[in-house]
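Colleague: Provided herewith is a single structure, encoded as structure tokens, for subsequent inquiry.
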Amino acid sequence: MALQMFDKERTLQMRQKLIGQSCRLFFSHEPLKIVKARGQYLYDENGTQYLDCISNVQHVGHCHPSITKAATAQMELLNANSRFLHDNIVQYAERLANTLPQKLCVFYFVNSGSEANDLALRLARQYTQNKDVVVLNHAYHGHLTSLIDISPYKFWKLEGQKEWAPLPDTYRGLYREGHPNPGQAYADTVKNLIDEVQNRGRKISCFFVESLPSVGGHIILPPGYFPKVAEYIRAAGGVFVADEIQTGFGRVGSHFWAFQLQGEDFCPDIVTMGKPMGNGHPLACVVTTKEIAGTFTANGVEYFNTFGGNPVSCAIGLAVLDVIEKEDLRANAVRVGSQLKKLLKQLQAKHTIIGDVRGVGLFLGFELVKDRVALTPATEEAGLLVQRLKERHICLSTDGPWANVIKFKPPMCFSMEDAERVTEQIGFILQVQLEQLKVKGLAQGPNSGNLAVGLEPATF
Ligand SMILES: Cc1ncc(COP(=O)(O)O)c(C=O)c1O
């Protein structure tokens, strides 16, 4: 039986009535109703096509037929509790192990990034017998109570005094381009924090970090930062946890995992993965070393997860890995990502509002500033640009502490033509529309009500 289709207004009214209003919509003043999708294209209820530059979850493309086929075939056969012996979970773990350093070889399958990070915290705390966690400013690691607690992006809006290490941002951070060794300098800020905390008699369980800080504004880490921090954190009795929930599965192109950008020899103690893993199906995972997993087992408490690692989820996970390989999506990320970056840099040369263009593979961002010396964030303009792009049927979004970084994390099948289309439209808007609006005064502009979009960075 086909589901009943409501008109957009009715859907919106029902959503406002029935769904918690803290669950925000994209483009909240005028949300999109998307009814189908394919590859990197979304279609609304009228059949209008939108270019999707932001859905990092639909990693190999929306509704990829190989994923649908694998899911359906397994669903028709069996979907049972992972406490029955089944081949899918072990085959999937083995395939993932082949992408990771040898040391990371024990897997726990869960259903969301938050679950993965919560389990990673438990593993780290059990292994080290310590409690405190070092995180970076503006980080986000999930929506569970334990993770809001370690996510400055969320907790600075709540009560409570906490501390965090500065973002290793070489564009607007403490140490910038031109510094002789920003990796070492930023690692030393973590060391200082560790010392301070230890002097107060507290003990550190882990450094918890995204391999490329996404919510922090699509930051590309300076070379040498992770290995040095890992050295400091391990010396303090803690372990290194890499959150690859946004950055894993080949998004950076040159490597399968973004932590590998910090050198072939660098290996975290725990890695968490999620979003792209199931191409939209809820599938996430924690991988760690034999030693850490052994301590967790030794505490005698069974780890049971009803849905984690079920045969359907693992069949989907395997199919995602197959598509990444067969369609050579990492090479596509390198090729299209570098072209997109080049085109964005050309725009930067023309428009002073683009202060920085940064990224690797299909993890890219550009930062809007009111002036290139003081680096005053052009937050309203960024929101406006996103709004104008949506009117031109392109979905983009903002990120960063001031919501002034326009971020790209499209499905990995994003093409050269898509890159050209989006940069052409950005160029047009910056040239014509933003200039006009600036002259009129942004606050009194004809669409000033729309500026709310993008002011709050979106997490995904
Ligand atoms: C870096 C990072 N970690 C963890 C999470 C939480 O993942 P989930 O929303 O699947 O619980 C997110 C979600 O946005 C994230 O961006």
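The values are calculated or read from the model by the stated rules, or taken from the named source; none is laboratory data. Keep in mind that this is a model prediction, so the values were computed, not measured. Counting neighbours? That spans all protein chains shown, and the Cβs are built from the backbone with ideal geometry, glycine included. The area values use the complete protein model at the heavy-atom level, side chains included, leaving out ligands, DNA and RNA. Shrake-Rupley method; radii C 1.70, N 1.55, O 1.52, S 1.80 Å.
Colleague: Every residue in region 62-81 that is in a loop (DSSP other than H, G, I, E, B) and either at positive phi or open to solvent by 40 Å² or more (accessible area, probe 1.4 Å) (or both), please.
Modeller: Hits for region 62-81 are Cys63, Leu78, Asn79, Asn81.
Colleague: Related question: Pull out all pairs, ordered by first then second residue, where Cβ-Cβ is under 8 Å, the residues are six or more apart or on different chains, the first lies in region 233-250 and is within 20 Å of Arg125 (Cβ to Cβ) and open to solvent by 10 Å² or more (accessible area, probe 1.4 Å), and the second is assigned to a loop (DSSP other than H, G, I, E, B) and near the ligand (Cβ under 10 Å from one of its atoms).
Modeller: Ile245/Gly274
Colleague: Collect the residues in region 251-272 that are of a type in the set (A, V, I, L, M) and either open to solvent by 20 Å² or more (accessible area, probe 1.4 Å) or away from the ligand (no atom under 16 Å from the Cβ) (or both), keeping them in residue-number order.
Modeller: Leu261
Colleague: Condition (residue is under 26 Å from Gln40 (Cβ atoms) and modelled with pLDDT under 95) applied to region 422-431: is it met by at least one residue?
Modeller: yes
Colleague: Among the residues of region 386-418, which ones are small (Gly, Ala, Ser) and out of contact with any helix residue (DSSP H, G or I) (no Cβ under 7 Å at 6 or more places or on another chain)? Please lay out each step first, then the result.
Modeller: Let us first name the residues in region 386-418 that are small (Gly, Ala, Ser), namely 397, 400, 403, 415.
Listed by number, the list holds a single entry, Gly400.
Colleague: Moving on to the next point. Do we find that Thr272 is within 21 Å of Leu123 (Cα to Cα), hydroxyl-bearing (Ser, Thr, Tyr) and assigned to a helix (DSSP H, G or I) in this structure?
Modeller: It is false that Thr272 is within 21 Å of Leu123 (Cα to Cα), hydroxyl-bearing (Ser, Thr, Tyr) and assigned to a helix (DSSP H, G or I).
Colleague: I want to confirm something. Restricting to region 109-156 and keeping residues that are assigned to a strand (DSSP E or B) and more than 15 Å from the ligand (Cβ to nearest atom), which single residue is most open to solvent (accessible area, probe 1.4 Å)?
Modeller: Going through the qualifying residues, I end up with Asp132.
Colleague: Taking Val209, is it more than 12 Å from the ligand (Cβ to nearest atom) and surrounded by 24 or more Cβ atoms within 10 Å (Cβ to Cβ)?
Modeller: So Val209 does not fit the description; no.
Colleague: Hey, another quick one. Considering region 3-20 alone, what residues qualify as being of a type in the set (A, V, I, L, M, F, W, C) and either assigned to a loop (DSSP other than H, G, I, E, B) or surrounded by 10 or more Cβ atoms within 10 Å (Cβ to Cβ) (or both)?
Modeller: Leu3, Met5, Phe6, Leu12, Met14, Ile19
Colleague: What are the pairs, 6+ residues apart or on separate chains, where a residue within region 134-151 that is farther than 15 Å from Gly113 by Cα has its Cβ under 7 Å from a residue that is away from the ligand (no atom under 11 Å from the Cβ) and in a loop (DSSP other than H, G, I, E, B)?
Modeller: Pairs found: Val135/Trp164; Leu136/Trp164; Leu136/Leu167; Asn137/Trp164; Asn137/Pro166; Asn137/Leu167; His138/Leu167; His138/Pro401.
Colleague: Could you list, in sequence order, all residues of region 288-302 that are assigned to a loop (DSSP other than H, G, I, E, B) and either open to solvent by 70 Å² or more (accessible area, probe 1.4 Å) or without any contact (Cβ under 8 Å) to a residue 60 or more places away in the chain (or both)?
Modeller: To start, the set of residues in region 288-302 that are assigned to a loop (DSSP other than H, G, I, E, B) comprises 289, 299-302.
Once the filter is applied, which keeps residues that are assigned to a loop (DSSP other than H, G, I, E, B) and either open to solvent by 70 Å² or more (accessible area, probe 1.4 Å) or without any contact (Cβ under 8 Å) to a residue 60 or more places away in the chain (or both), region 288-302 yields Gly300, Val301, Glu302.
Colleague: Applying the selection to region 21-61, what residues are open to solvent by 40 Å² or more (accessible area, probe 1.4 Å) and not in a loop (DSSP other than H, G, I, E, B)?
Modeller: Once the filter is applied, which keeps residues that are open to solvent by 40 Å² or more (accessible area, probe 1.4 Å) and not in a loop (DSSP other than H, G, I, E, B), region 21-61 yields Ile34, Val35, Lys36, Arg38, Tyr41, Tyr43, Gln49.
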